Amino acid sequence: MKSFRFSLLTILTASLCCHLSAESPSPAEGMWKTAFYKRGFVGKYQAKWAGGADGTGFLRQSVTLPFSGSKVRVWMSSVRDIDVTLGQMNLAPGTDRAGGIDGRLTPITFGGSEGLLITAMAKEQTSDEVAMPVQAGLWYLQQSYTSQEYLYAYDADGVFRVESPDQLVTEEDAFRKGAWVGNAYRVDVLTTDPRPVVVCWGDSITQGAHTIPLSGNRYPALLGGLINRPVLNLGVNGDQAKYCRYLMRTTVDKLDGVDTVVFLMGINDIIGGGLTDPAEYIKNVTAIAADIRKAGLKCYLGTITPAGGYPKFDADPAKEILRQTINDWIRTQAEVDGVIDYDAALRDPADPIRLLAAYQADWLHPNDAGAQVMAKAAAAVLQ
């Protein structure tokens, strides 16, 4: 009987070890890290050319991978009350930011199949772990939907329309430039790159609204180059600090390879979110920062950038007083790992309630030059 129990224990132990080795990458393979993430799906979109029984019509979304690796996996989501049917998906190296690829298409499969039914309100569905050599740089995630509806979310670089696998529509006709289309929202890479990932969490200023499309001049991307670190842009147009109380639980905790979060948010709370008492903002952001540090991650807070000259901001002088009060509080924080003074970097010294004219796009959003200044300000603190 003792011999039987020993044999059974040996079998179970061996089985468990085999299971763990099958599920977990070996040290030589590296570890999974999140290389791309898009949050902020805002609705469903219909486009007959993007699907259909004949299989024609593709969406080609740019995905910049900050590190090389040996495997990829893609995460899909449907946060709306529609079923979405993916016909096929491929990942291809990009040759330019205007939608060009070099023709090496690697199929992304789901349970061994090219297609996938994404059910309404599905939290997430993950592709197979696809073995392929991945080099850091520009890639395109090419998607074709046989359903007529799928998700969209705003993005500065938009998405390109492909009539067939090799016929890209001209840049002038790029489909919905300014909107990210499709249900894929995350790409992970199995990599030996030791550099930990930085998350830039914010609103449209972080996301890159009003910078030149196809330029790559989003401040998080520029920051990554300056500090030689992979950086994820988790900015969402219109987002407010009051909606981000559980960002760790809902998003950041689930990402792979992250060790730092940069939090820049508040101007939308002030302009359109009904914020009148700085104590409300302070309470929310104090809790957010505490959650980040409790998870063992570094937390950096950014000061709220100037908005003088923007009509909705100028309509109430109390909004500038509120912004200044909050920024004074941010600059005194000792319970975070650092403060990035975007306000000081971008403001006009002669009129500090406004962005410097050379850095502004609409007196609310920084332009490309402003994005570069933001990246330098953040790099000076993070390095």
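The values are calculated or read from the model by the stated rules, or taken from the named source; none is laboratory data. Treat the numbers as computed from the prediction; the structure is a model and nothing was measured. Cβ sites come from the backbone with ideal geometry, for glycine too, and all protein chains shown count toward neighbours. Calculation scope for accessible area: heavy atoms of the full protein, side chains included, ligands and nucleic acids excluded. Shrake-Rupley method; radii C 1.70, N 1.55, O 1.52, S 1.80 Å.
For Thr95, state whether it is farther than 16 Å from Thr64 by Cα and either in contact with a strand residue (DSSP E or B) (Cβ under 9 Å, 6 or more places away or on another chain) or buried (at least 17 other Cβ atoms within 10 Å of the Cβ) (or both). If you could, list the steps in order and put the result at the bottom.
Numbers: farther than 16 Å from Thr64 by Cα: no; either in contact with a strand residue (DSSP E or B) (Cβ under 9 Å, 6 or more places away or on another chain) or buried (at least 17 other Cβ atoms within 10 Å of the Cβ) (or both): yes.
Here the answer is no, as Thr95 does not meet what is asked.
When Asp348, Asp341 are screened for being over 28 Å from the mean Cα position of the chain (by Cα) and either aromatic (Phe, Trp, Tyr) or closer than 29 Å to Gly216 by Cα (or both), only Asp348 passes. Residues that are modelled with pLDDT of 80 or more and open to solvent by less than 40 Å² (accessible area, probe 1.4 Å) within region 44-69 comprise Phe58, Leu59, Arg60, Gln61, Ser62, Val63, Leu65, Pro66, Phe67, Gly69, listed in sequence order. Please tell me if Ala131 is within 15 Å of Val74 (Cβ to Cβ) and not in a strand (DSSP E or B). Judged against the criteria, Ala131 is not a match.
Go through region 116-145 and report how many residues are more than 14 Å from Phe58 (Cβ to Cβ) and open to solvent by less than 70 Å² (accessible area, probe 1.4 Å).
Start the filter on region 116-145 by keeping residues that are more than 14 Å from Phe58 (Cβ to Cβ), which leaves 116-139.
Now drop any that are not open to solvent by less than 70 Å² (accessible area, probe 1.4 Å), which leaves 116, 118-120, 122, 125-128, 130, 132, 134, 136-139.
Count: 16.
Of these, Lys294, Lys283, Lys312, which one is surrounded by fewer than 15 Cβ atoms within 10 Å (Cβ to Cβ), within 23 Å of Gly370 (Cβ to Cβ), charged (D, E, K, R) and modelled with pLDDT of 95 or more? Exactly one of Lys294, Lys283, Lys312 is surrounded by fewer than 15 Cβ atoms within 10 Å (Cβ to Cβ), within 23 Å of Gly370 (Cβ to Cβ), charged (D, E, K, R) and modelled with pLDDT of 95 or more, namely Lys312.
Checked against (1) out of contact with any Pro (no Cβ under 6 Å at 6 or more places or on another chain); (2) at pLDDT 95 or above, Ile326 passes all but condition (1). Filtering region 253-276 to residues that are open to solvent by 30 Å² or more (accessible area, probe 1.4 Å) and within 15 Å of the chain's Cα centre (by Cα) leaves Asp253, Lys254, Asp256. Residues in region 185-220 that are within 17 Å of Leu65 (Cβ to Cβ) and touching a Gly at 6+ places or on another chain (Cβ under 8 Å): Val189, Leu190, Thr191, Thr192, Asp193, Pro196, Val197, Val198, Cys200, Arg218, Pro220.
Checking the conditions here, which among Ala279, Ala334 is closer than 20 Å to Leu382 by Cα and more than 26 Å from the chain's Cα centre (by Cα)? Reasoning before the result, please.
On the way: Ala279 fails: closer than 20 Å to Leu382 by Cα.
Testing whether each residue is closer than 20 Å to Leu382 by Cα and more than 26 Å from the chain's Cα centre (by Cα) leaves just Ala334.
Thr250 meets the stated requirement of being without any contact (Cβ under 8 Å) to a residue 12 or more places away in the chain, surrounded by fewer than 24 Cβ atoms within 10 Å (Cβ to Cβ) and closer than 30 Å to Glu129 by Cβ.
Considering only region 267-383, give the strands (runs of 3 or more DSSP E) lying wholly within it that have at least 3 residues that are touching an Asp or Glu at 6+ places or on another chain (Cβ under 9 Å) and touching a residue at least 24 places away in the same chain (Cβ under 8 Å).
Numbers: elements: 298-302, 338-340, 351-355.
Once the strands (runs of 3 or more DSSP E) in region 267-383 are filtered for at least 3 residues that are touching an Asp or Glu at 6+ places or on another chain (Cβ under 9 Å) and touching a residue at least 24 places away in the same chain (Cβ under 8 Å), what remains is 298-302, 351-355.
Regarding Leu86, is this residue more than 18 Å from Phe67 (Cβ to Cβ), under 23 Å from the mean Cα position of the chain (by Cα) and part of a strand (DSSP E or B)? So Leu86 passes the test. If you check Thr34, Thr10, Thr95, Thr106 for being at pLDDT below 90 and β-branched (Val, Ile, Thr), only one passes: Thr10.
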